[in-house]
Structure formats: structure tokens, C-alpha cells
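Input: a single structure, listed below in C-alpha cells.
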């Protein structure tokens, strides 16, 4: 099978971790008889340096022409990088918001799983981590506070900033449907997270999710306020299967969920539109402090590539092979620095990529 993949390596550690994911994809292609064609593009800070903007029309057009997008990390040090002296609409992260909107990527899927081999790296108490957890946070990605009308005005010597949180019933319904569809393939439980005791947008969210639930009688639905959800993630993460929520809440909760796995370097993500097209990226940031040092953990990006194989290309066996290879390498005691523990063997970013590639059968 031939597939065209738009590759955006991005900034910081992005080129390193994406390079290792491409190495793994090349091994998959070799073993399973596929051909992956890569179209390498710029976005984020590197695009600002090259073109003066974080996202060009050409990058959007070429992404649309691909079967999926594989992306690294975007942005830099917000205190020292000249990118963050630019207006907000010209900073690296504006490219992320722009490409999500341009490609219609409204559903962000972030699995959060505690690998048994990494239980010691989990910051939670052993009595909690010993139970393990395997959840998926589905975040609405193109609406809400991040895309609402915003302004900063000064009146009578008082500066006021306004950000508008808006959701339509249609935006809520389509992400809810995605959540229930995914839950049907997992443990058939959906936790919908909102702030319905305060926000009108959350009250609409809860109403629409409840309506959608009626079409999925096999799935258990619970509603949970976002502040309670944040507490429950560190108290009893094993209770969650699929968690669905709006844009800002999902941004915060998915990062929390990633850290209780032991390292954000372990967490993949997918952003999907209404077809099988998706953008696949690690959940972590660009880590400019270790960029270019061959220290980054590429596993999240490699697992993101596995999600691409599974969700966009319908290559289930190939996705399983990548995920099994990751487990095999962890079983054999290999670790990058962020997940290192006593008795394990510390390897570099590129060595981890080599080991996982070699384990694909």
C-alpha cells in the first residue's frame, strides 16, 4: 500500500523525535510491503525564520494533499526566543491553531497509559500506580475559548482583556459522537467533563452529550466537573476509560494525565477530522533545553505514528507491531533519561529508535 505522509518536524527536539518515528515507519514499510512517501514541510518557529509566518498557505495545501500528517514539536523558550516578541498571531503556537482549523481537526485523542515497566516512574503513590490505568482523553480542538473573539482595550485608564468562550450544539454533538464511538471499542464508559455549575457553555455541553448518549445504550455515561476531574486523575485514574471535554479543559487535563504516566515523552496523540484524516504528534513540548543533544524520548512520537497506522491507514497489524516493539524494548530494560531508573540501561534518542525498529517483526 502506498501512503503519502506530510511531515512537520517543527522546533526544538521535533526534528530528532520525528526522525526516529520515520525510521520506525520505514521498518514497518519494509516488513509489511508498504511504501510511505514523505513530504517535509515547515511550521512553527522554523517557518517564522524561513517565511515570517508560523504557517503558510502552501503548508496547509500540501497537508491536505497527504493521507495524514506526522508532526513533532512547535515553539521555543517563551522567555528568551525572539519568536515570543512577535504579535500573538505570528507566534509559533498560532501555526498549531491555524492548521487545526484549516484541516478541520476537531477531535484530539490522547491515550494515557501506565506501562507496567514504568510503574516506578509514576509520581503517584504505589497503592494507586499498582492498579495501573489506561484512559483516552478526547478534547474538542477547534472551538471554545481558544477560538473565540478576543480583545484588549483601555478605557478610563483601565486595561481590560476579554476572551470569549463559545460552543454550538453541532460542535458539541460531533465530538460526543466520536467519544462514544471510541468507547464502544474500549471499555464502554464515557466521562464527560464540564463546569456546568457555573458556565452556560458547559450546561449546553452536558445537555447535548446526554442526548448523544441515548444512541449508545451499551455505554455508561457519567458527568464530572472539571475541578473534581483534576483531583480524580491523581486519586484514582483507573476509573476512567474515555474522557471527553472542551478545548481548554482538555488541554489542561491531558497534560496532567500524561505526567502521571511517568513522562510526557511516553504520550502520543491524534487530531482527527470527520474522515480518517488525522494529524499525529507527541503530547509533549519542544524541550528547547535539550534540543540537539540526542537526549529526547522519541517513544511518544513513535506511538503517534502507530496511531496513524491504526486510525488513518487501517493498518491494525502494523500498529500492533509498533506498540509491541515499544513494550519489548521496555521489557528489555532500555530507557531514555526521562524514564531512567536503577538497574536499567540508558540510551539516546537515536538508539531508542534503532532498538524499536529492530524489534518490529
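The values are calculated or read from the model by the stated rules, or taken from the named source; none is laboratory data. Not measured: the values here are computed from a predicted model. Quick reminder, even Gly has a Cβ in these numbers, built from the backbone with ideal geometry, and neighbours come from all protein chains shown.
Structural remarks
- Residue in the stretch 42-52 that is in the same structural domain as residue 322 (by TED's automatic domain parsing) and touching a strand residue (DSSP E or B) at 6+ places or on another chain (Cβ under 6 Å) present: yes
- Answer from 360, 356 - the residue that is assigned to a loop (DSSP other than H, G, I, E, B), in contact with a helix residue (DSSP H, G or I) (Cβ under 7 Å, 6 or more places away or on another chain) and under 21 Å from residue 270 (Cβ atoms): 360
- Test: residue in the stretch 86-104 that is in contact (Cβ under 8 Å) with a residue 12 or more places away in the chain and under 30 Å from residue 331 (Cα atoms): no
For every residue, the table says whether it meets (1) over 24 Å from residue 319 (Cα atoms); (2) surrounded by fewer than 21 Cβ atoms within 10 Å (Cβ to Cβ).
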site: 4; (1), (2): no, yes
site: 64; (1), (2): no, yes
site: 69; (1), (2): no, no
site: 93; (1), (2): yes, yes
site: 106; (1), (2): no, no
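- Scanning the stretch 219-263 for residues that are under 16 Å from the mean Cα position of the chain (by Cα) and in a strand (DSSP E or B) gives 242, 243, 244, 245.
- Scanning the stretch 287-308 for residues that are in contact with a helix residue (DSSP H, G or I) (Cβ under 6 Å, 6 or more places away or on another chain) and in contact (Cβ under 8 Å) with a residue 40 or more places away in the chain turns up 294, 295, 296, 297, 298, 299, 300, 301, 302, 305.
- Among (1) closer than 24 Å to residue 13 by Cβ; (2) surrounded by fewer than 23 Cβ atoms within 10 Å (Cβ to Cβ); (3) in the same structural domain as residue 290 (by TED's automatic domain parsing); (4) in contact with a strand residue (DSSP E or B) (Cβ under 8 Å, 6 or more places away or on another chain), the one test that residue 113 misses: (3)
- Residue match in the stretch 12-23 (condition: at positive phi and touching a residue at least 60 places away in the same chain (Cβ under 8 Å)): yes
- Residue 158 meets the conditions (1) modelled with pLDDT of 95 or more; (2) touching a strand residue (DSSP E or B) at 6+ places or on another chain (Cβ under 9 Å); (3) more than 24 Å from residue 95 (Cα to Cα) in every case but one. The failed one is (2).
- Screening 43, 22 for residues that are farther than 26 Å from residue 327 by Cβ and either at pLDDT 95 or above or not in a loop (DSSP other than H, G, I, E, B) (or both) leaves exactly one candidate, 43.
- Of the strands (runs of 3 or more DSSP E) lying entirely inside the stretch 81-170, the ones with 2 or more residues being closer than 30 Å to residue 184 by Cα are found at 107-113, 134-140.
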